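Visitor: Just passing along the structure, written as structure tokens.
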Amino acid sequence: NAGVTQTPKFRILKIGQSMTLQCTQDMNHNYMYWYRQDPGMGLKLIYYSVGAGITDKGEVPNGYNVSRSTTEDFPLRLELAAPSQTSVYFCASSPLVPDTQYFGPGTRLTVL
Amino acid sequence: AQTVTQSQPEMSVQEAETVTLSCTYDTSESDYYLFWYKQPPSRQMILVIRQEAYKQQNATENRFSVNFQKAAKSFSLKISDSQLGDAAMYFCAYRSAGVETSGSRLTFGEGTQLTVNP
């Protein structure tokens, strides 16, 4: 099993550009999450999903959008990138609540 | 809202010695889960240990153990026989037992950077 995979690993964006961060899990987990980690800080929840077709906002959703059309995929969309979105983004999944969350390797995004 | 506090931004330990990382949390819930995650320079988040709040027995995983004090809302991590590979950022995290709180998201502390000296 690959677990949770994320692409790309690194990306540099210019202010105002858009992009999609991809997240895929092959463990048939219902719950999926997007977190961001700013330098020297813990992770904060951006969006989450409890199943295909169901998404909801976390702590810091502004500037982002998500969709969940399949159990496996949970892409995160950045519209009009801003320097404040420079961060490391982690996708995670969990089979049941309140089971352990499994994390992808992260995407380091820089907005210049 | 729940909060997690790690009061030690940095800690260091000699190889083969024991170190304890502190974590306190604030919640009004009675049923929840606590975790320690390790983040090495590769940035991968690796689960170290988990504790169910309803269990009085402290969790252990090989050289890693916790001291869970529910009344004091304290959850410290003890690393015995420290190894060079233990050097990493360690995060304490809280998760509600129910799905009502953002699908049971994890609430993280700000981390403790552990250095292991040879």
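The values are calculated or read from the model by the stated rules, or taken from the named source; none is laboratory data. Because the structure is predicted, anything quoted here is derived from the model rather than measured. FYI the Cβ positions are ideal-geometry reconstructions off the backbone, even for glycines, and counts take in every protein chain you see.
Visitor: If we keep just the residues of segment B:47-88 that are among the basic types (Lys, Arg) and within 14 Å of chain A (Cβ to nearest Cβ), which is surrounded by the most Cβ atoms within 10 Å (Cβ to Cβ)? Lay out the reasoning, then the answer.
Guide: We begin by selecting, within segment B:47-88, every residue among the basic types (Lys, Arg); these are B:50, B:55, B:63, B:70, B:73, B:78.
Pick out the ones that are also within 14 Å of chain A (Cβ to nearest Cβ) and you get B:50, B:55.
Numbers: B:50: 18, B:55: 11.
Ranking the qualifying residues of segment B:47-88, first place goes to B:50.
Visitor: Mind counting the residues in segment A:72-103 that are in a loop (DSSP other than H, G, I, E, B), within 12 Å of chain B (Cβ to nearest Cβ), more than 15 Å from residue A:47 (Cα to Cα) and in contact with a Ser or Thr (Cβ under 8 Å, 6 or more places away or on another chain)?
Guide: Residues in segment A:72-103 being in a loop (DSSP other than H, G, I, E, B), within 12 Å of chain B (Cβ to nearest Cβ), more than 15 Å from residue A:47 (Cα to Cα) and in contact with a Ser or Thr (Cβ under 8 Å, 6 or more places away or on another chain): 3 in total.
Visitor: In addition: Out of all the residues in segment B:90-108, is one or more surrounded by fewer than 18 Cβ atoms within 10 Å (Cβ to Cβ) and over 16 Å from residue B:33 (Cβ atoms)?
Guide: no
Visitor: Taking segment A:4-37 only, how many residues are assigned to a loop (DSSP other than H, G, I, E, B), closer than 15 Å to residue B:43 by Cβ and either touching a Lys or Arg at 6+ places or on another chain (Cβ under 8 Å) or of a type in the set (Gly, Ala, Ser) (or both)?
Guide: So the first thing to find is which residues in segment A:4-37 are assigned to a loop (DSSP other than H, G, I, E, B), and the list is A:8-9, A:14-18, A:26-30.
Now restrict to residues that are closer than 15 Å to residue B:43 by Cβ: A:8-9.
Subsequent filtering for residues that are either touching a Lys or Arg at 6+ places or on another chain (Cβ under 8 Å) or of a type in the set (Gly, Ala, Ser) (or both) retains A:9.
The number of residues fulfilling the criteria is 1.
Visitor: Kindly indicate whether any position in segment A:55-71 is over 12 Å from the mean Cα position of the chain (by Cα), within 10 Å of another protein chain (Cβ to nearest Cβ), surrounded by 14 or more Cβ atoms within 10 Å (Cβ to Cβ) and in a loop (DSSP other than H, G, I, E, B).
Guide: Yes, segment A:55-71 has at least one match.
Visitor: Now a separate question. With the condition kept exactly as written, say whether any residue in segment B:38-54 is in contact (Cβ under 8 Å) with a residue 60 or more places away in the chain, out of contact with any helix residue (DSSP H, G or I) (no Cβ under 6 Å at 6 or more places or on another chain) and either hydroxyl-bearing (Ser, Thr, Tyr) or under 25 Å from residue A:41 (Cβ atoms) (or both). Steps first, please.
Guide: Step one: of segment B:38-54, the residues in contact (Cβ under 8 Å) with a residue 60 or more places away in the chain are B:39.
Those still in the list that are out of contact with any helix residue (DSSP H, G or I) (no Cβ under 6 Å at 6 or more places or on another chain) too: B:39.
Subsequent filtering for residues that are either hydroxyl-bearing (Ser, Thr, Tyr) or under 25 Å from residue A:41 (Cβ atoms) (or both) retains B:39.
Checked segment B:38-54: at least one residue is in contact (Cβ under 8 Å) with a residue 60 or more places away in the chain, out of contact with any helix residue (DSSP H, G or I) (no Cβ under 6 Å at 6 or more places or on another chain) and either hydroxyl-bearing (Ser, Thr, Tyr) or under 25 Å from residue A:41 (Cβ atoms) (or both).
Visitor: Can you say whether residue A:19 is surrounded by 14 or more Cβ atoms within 10 Å (Cβ to Cβ), under 11 Å from residue A:93 (Cα atoms) and in contact (Cβ under 8 Å) with a residue 24 or more places away in the chain, as far as the supplied structure shows? Can you show your working first?
Guide: Details: surrounded by 14 or more Cβ atoms within 10 Å (Cβ to Cβ): yes; under 11 Å from residue A:93 (Cα atoms): no; in contact (Cβ under 8 Å) with a residue 24 or more places away in the chain: yes.
It is false that residue A:19 is surrounded by 14 or more Cβ atoms within 10 Å (Cβ to Cβ), under 11 Å from residue A:93 (Cα atoms) and in contact (Cβ under 8 Å) with a residue 24 or more places away in the chain.
Visitor: To continue, here is another question. Being in contact (Cβ under 8 Å) with a residue 40 or more places away in the chain and acidic (Asp, Glu) narrows it down to one residue among A:99, A:73; which is it?
Guide: On the way: A:99 fails: in contact (Cβ under 8 Å) with a residue 40 or more places away in the chain.
The conditions single out A:73.
Visitor: Also, I was wondering about something else. Got a sec? Which strands (runs of 3 or more DSSP E) wholly within segment B:3-58 have at least 1 residues that are at pLDDT 95 or above and closer than 12 Å to residue B:112 by Cα?
Guide: B:3-5, B:10-14, B:19-21, B:32-39
Visitor: Identify the residue in segment A:86-96 that is surrounded by fewer than 21 Cβ atoms within 10 Å (Cβ to Cβ) and without any contact (Cβ under 8 Å) to a residue 60 or more places away in the chain and, among all such residues, is farthest from the chain's Cα centre (by Cα). Step through it out loud before you land on a result.
Guide: The initial filter retains those residues of segment A:86-96 that are surrounded by fewer than 21 Cβ atoms within 10 Å (Cβ to Cβ), namely A:86, A:88, A:95-96.
In the following step, the residues that additionally are without any contact (Cβ under 8 Å) to a residue 60 or more places away in the chain were identified as A:86, A:88.
Details: A:86: 14, A:88: 10 Å.
Filtering segment A:86-96 for residues that are surrounded by fewer than 21 Cβ atoms within 10 Å (Cβ to Cβ) and without any contact (Cβ under 8 Å) to a residue 60 or more places away in the chain, the one farthest from the chain's Cα centre (by Cα) comes out as A:86.
Visitor: Taking the condition of being more than 12 Å from the chain's Cα centre (by Cα) and β-branched (Val, Ile, Thr), how many residues in segment A:39-54 meet it? Spell out the reasoning first.
Guide: Narrowing segment A:39-54 to residues more than 12 Å from the chain's Cα centre (by Cα): A:39-42, A:50-54.
Pick out the ones that are also β-branched (Val, Ile, Thr) and you get A:50, A:54.
Count: 2.
Visitor: I need every pair where a residue in segment A:52-64 that is touching a residue at least 24 places away in the same chain (Cβ under 8 Å) has its Cβ under 8 Å from the Cβ of a residue that is in a loop (DSSP other than H, G, I, E, B), sequence separation at least 6 or different chains.
Guide: If the second residue must be in a loop (DSSP other than H, G, I, E, B), the pairs left are A:58/B:102; A:58/B:105; A:64/A:79.
Visitor: On the given criteria, is residue A:110 surrounded by fewer than 21 Cβ atoms within 10 Å (Cβ to Cβ) and in contact with an Asp or Glu (Cβ under 9 Å, 6 or more places away or on another chain)? Please lay out each step first, then the result.
Guide: On the way: surrounded by fewer than 21 Cβ atoms within 10 Å (Cβ to Cβ): yes; in contact with an Asp or Glu (Cβ under 9 Å, 6 or more places away or on another chain): no.
Answer is no for this residue.
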